[in-house]
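One structure below.
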Amino acid sequence: MAASRSLLSLTNSLRLGPTTPTTISRCPTTIQSRNLHRSITPPRIPPPTPFIPDATAFLTVIGRGLSKHASKIESWDALFSLTSPQLAELGVEPPRARRYLLRWRDKFRNGQYGIGGDLKQVANGVGEVRLMEVPIASSASTEAAGAKATITRGPGMMKRIINVDPESLPMSDTDLRRAPRVAGLTIKNSHTIHGSHVELKKGSNGNIALIKVKEGLWEHRRGHKVDGGERRKAEVRAKRRAAERKASRA
């Protein structure tokens, strides 16, 4: 009888499992989970740039009417730290506008700018770019460095669109070599600056252009649904054709 009771007790303990160790083992997990939430660092706040110096400029260039909310966002740090629910409390509506703002925040944080975002020489929201002949770097191949003059460039030179400070002209050869290309712009017909939202300066023959901070400069425009959108397009068009055939028989 004693043996059977011992066997029954052992069976129940195996079936139910230990109680006290299980309770103790959950405590460290809970503590670790809490510590994990506390250790999550807030998103990095990127520094402003010469072209986008404040929240108002940022909201203006990304477009979709978000500049009307500029007065609700107090600072640059607030712009890049406010969460979606906090933006909703401030009145940034509809939700798709908040999603669009958060998407552009991440792009800017990762250095993905629109046209003019990489400009260093900016005054009052306007950056000037010029198409200039730049000496080919000495590290380039001997053949390229000794290239003969052509109709569009001098010997040992190449054309490049660079951002300049008009007051610092003329620039030395070293400064010209170091000047980075302006992203998003191309050279058209070997003498004209070409790009979206670029204003060519009058009398410059296309060699000088201005890029200004303005509403919607970087805007990603929303698509327009045609015939009910992608999922309903075939159905809508089939019904339309059926209605046209029925009307033609009448």
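For segment 96-112, check the following and say yes or no: at least one residue is in contact with a helix residue (DSSP H, G or I) (Cβ under 6 Å, 6 or more places away or on another chain) and part of a loop (DSSP other than H, G, I, E, B).
The answer is no, given that none of the residues of segment 96-112 is in contact with a helix residue (DSSP H, G or I) (Cβ under 6 Å, 6 or more places away or on another chain) and part of a loop (DSSP other than H, G, I, E, B).
Go through segment 62-110 and give me each residue that's crowded, with 17+ Cβ neighbours inside 10 Å and basic (Lys, Arg).
64, 98, 105 - these are the residues of segment 62-110 that are crowded, with 17+ Cβ neighbours inside 10 Å and basic (Lys, Arg).
When you scan segment 68-82, do you find a residue that is within 15 Å of the chain's Cα centre (by Cα) and hydroxyl-bearing (Ser, Thr, Tyr), even just one?
Looking for residues that are within 15 Å of the chain's Cα centre (by Cα) and hydroxyl-bearing (Ser, Thr, Tyr), one finds none in segment 68-82, hence no.
Bear in mind that the values in this text are calculations on the coordinates, not laboratory data. Please read all numbers here as calculations on a predicted model, not as lab measurements. Cβ: placed from backbone, ideal geometry, glycine included. Neighbour counts: every protein chain shown.
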